[in-house]
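Engineer: Okay, handing you the structure first.
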Amino acid sequence: MMKKAIRLLALGVLVNAGVYAQSVEDGVKAYYNGNYASAVSILEKHADKADAAYWLAESYYELGKNAQADAVISKALAAKPADPYLLAAKGQLLIAEKKGAEAQQQFNAALNALGKDDVEKAKVLNAVGFALARAYNNIDRVGDINFAVAKLTEAKNLVMNLKGKKRDPKLIASIYTNLADATLKANPGEGSAAFTYYQEALETEPSFALAEYRKSKIFKSQNNVDLYIQSLEKAIAANPSFLPALEDLYEYYAFSAGDLNKAKPYGDKILSLLPPSPNNEYFKGVAAYFNKNYSEAINIGKNIIAQAREQTNPLVYKLVAYSLIENKDTASAIPYVEDYFKTQVKDNIVPKDYSLKATAYSTTPGKEAEVVQTYLDAAAADTSIAGKVEILSNGAKMFADAGKSALAGELYAKILEIKPSDKHTINDYFYAGYTGFYKAGEYEKAWKIFDAARNRFPKWNYGYMLAYASSKIFDSTNAQNIMVTDGDRYIAFLQSPDDTTEVAAKRGEIFKTAADLAIYSANVKKDNESALKYLQLAYNNADNPTAKEQIAQYIKALGGTPGAPTAPGTGADSTQNGAATAPARNSSSSGPKR
């Protein structure tokens, strides 16, 4: 269950790891290495400086410590209220708090502080664009991501016009990378433009590993494993100390490839780069989980939490949750799942995390609506159609297996909504309509699915059969003018060359449907002429002698002659006197069998 789910994120106890004085530049370097714990330990010593405060806050943000980041920025702004970088960072934190309008005020204030120097303008535009793009996510959609794209484009144009020493390769690479990130968030699933920007960043500054790392995410979203791994390896080649790529490679080899031996060198390298921390025991917990020693993994995780407390690596909570679930103690996993979602950076939450949350909640009565929303959030977080479908299918199957058909129907119906219509399959409609809504007794919802199905797949017998079976219940008096039309369409299909029903089953379906419509016509509509037509059709397809005789008595009572040809309008008279003209189908009237 944990496979492909855990992504390492370095998080150390924020201690003084240095034995010599380290500068703000050292802290910024650690930040760009993705070593945020080390960045914090360096930069907190210089927090009285505006530039150090900015990078300290960004490091806290990457660690999911937004409250601490906000405290740093608020204190720095009190001393320097017009600093554009601090204003941009404040806007970033407000976006994370879902305060879009207030965040935009901060971004505007930062831009209003721009001077005339093009380099400084580009840096501030980059900071604003980065802040918005970093905090924006495609689930909450707080903030204007297109504003970020526009400002980063403006920054790019400024730096590309610079000459000589003013053309700082690292600044250019940063702008291109941030522009790529913003473009991806503005157009989820469309990676071509972003890919080009990442390439531009790397051509400008080959050591800028972040660009290559971000590029790897595009390959991952496309399920292109080979290019994903190659891209991560390129990021490490560009910067051997780049932690995020090392972490992802560890995750891949440990949980996706299932080869802890291949993962170990990356784990060792990560440990060599991290400051001392109880969180570093996480690797031992992973090894225990990998070896199916779930109790040991749980104990290791709980010990880390007890020692690291508020500095606990979010992944430790996830490790404990997965281990508890595998240990058949799913309900106990809930608080650890909740702590994971509280502490993890939203951009580091992967779709499988939502599946974990749904699994944990699924055992708790009254959490059903929350579980459905969790799966919808997971699907929204995945950038590929295939990924969204897999997530929703897993959730729907879980509900169906638990006998919660209505909830299964909601998720199966969502699959029909997100998949392009030309990619819809018969199974998509069957699962949503029958496994979900029909079994749940939500017949009108089921009808809508099967009505769409028979239009999309006009030769699929169950589209007609189940549309009628549904409307016969929710529109039993034909008040919505649906039930009779459905019955006629079903009969017409059964009598058409497109139907391949086995002869006896075909006649049985025609008999039952015609008899139903005859009863409606006589008793509800008071239309004996229509009733007689349906009765003749039922008689001509009746195989049970008792039923045939009973239908004959009704026909005589209405002034008709049993066995007379059926008239147009009640389906073609393609079956008379027991002779069926259509080929057989593999079906029966006992229930849907695809």
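Engineer: Between the stretch 133-211 and the stretch 63-89, what's the alpha-carbon centroid distance in Å?
Structural biologist: 23 Å
Engineer: Through the Karplus equation 6.51 cos²θ - 1.76 cosθ + 1.60, θ set to phi - 60°, convert the phi angles of the stretch 504-513 into ³J(HN,Hα) values in whole Hz; use x for Gly and Pro.
Structural biologist: Values, residue by residue: 4, 5, 4, 5, x, 5, 5, 4, 4, 5 Hz.
Engineer: Of 215/269; 346/367; 49/151, which sit over 24 Å apart, Cα to Cα?
Structural biologist: Beyond 24 Å: 49/151.
Engineer: Can you pull out the trypsin sites (Lys or Arg not before Pro) in the stretch 483-574 that DSSP calls coil and that have at most 16 other Cβ atoms within 10 Å?
Structural biologist: Filter output for the stretch 483-574: 525, 526.
Engineer: Which one, 257, 289, 267, is farthest towards the positive end of the dipole of the stretch 244-329 when Lys and Arg carry +1 and Asp and Glu -1 on their Cβ?
Structural biologist: 289
Engineer: Hey, of (1) 46; (2) 33; (3) 8, which did the structure itself give for percent of Cα pairs over 48 Å apart when calculated?
Structural biologist: So the structure-derived entry is (2).
Engineer: Exactly which trypsin sites (Lys or Arg not before Pro) in the stretch 63-100 are in a DSSP loop and have at most 13 other Cβ atoms within 10 Å?
Structural biologist: The qualifying sites are 98.
Engineer: Something else: Charges only on Cβ, +1 for Lys and Arg, -1 for Asp and Glu: so what's the dipole of the chain about the Cα centre, in debye to the nearest 20?
Structural biologist: Charge dipole of the chain: 200 debye, to the nearest 20.
Engineer: When the Karplus curve 6.51 cos²θ - 1.76 cosθ + 1.60 is applied with θ = phi - 60°, which whole-Hz ³J(HN,Hα) does each residue of the stretch 232-238 get, with x for Gly and Pro?
Structural biologist: 5, 5, 5, 4, 5, 5, 5
Engineer: Further question on the same structure: Filter the cross-link list 284/388; 90/170; 45/217 down to pairs whose alpha-carbon distance in this structure exceeds 26 Å.
Structural biologist: Going by Cα-Cα distance, 284/388; 45/217 fall outside the 26 Å limit.
Engineer: Additional query: Can you tell me which of 130-138, 175-183, 282-290, 256-264 comes out highest on packing, and rank the rest after it, using the mean Cβ neighbours within 10 Å?
Structural biologist: Sorting 130-138, 175-183, 282-290, 256-264 by mean packing, highest first, produces 175-183, 130-138, 282-290, 256-264.
Engineer: Turning to a different aspect of this structure: List the GluC sites (Glu not before Pro) in the stretch 59-164 that DSSP assigns to loop (not H, G, I, E or B) and whose Cβ has at most 14 other Cβ atoms within 10 Å. Which are they?
Structural biologist: Filter output for the stretch 59-164: 97.
Engineer: Between 223, 132, 244, whose Cα lies farthest towards the positive end of the dipole of the stretch 24-277 when Lys and Arg beta carbons carry +1 and Asp and Glu beta carbons carry -1, centred on the Cα centre?
Structural biologist: Towards the positive end, the residue furthest out is 132.
Engineer: Between the stretch 346-381 and the stretch 424-459, what is the separation of their alpha carbon centroids in Å?
Structural biologist: Spelled out, the Cα-based centre of one part sits 25 Å from the other.
Engineer: In debye, nearest 20, what is the charge dipole magnitude of the stretch 24-277 about its Cα centre with +1 on Lys and Arg Cβ and -1 on Asp and Glu Cβ, if you could check?
Structural biologist: Rounded to the nearest 20 debye, it is 360 debye.
We did not get these values from a lab; they are worked out from the coordinates using the rules stated. Worth saying up front: this structure is predicted, and the values here are computed from it rather than measured. Glycine also receives a Cβ, built like all others from the backbone with ideal geometry; neighbour counts cover every protein chain displayed.
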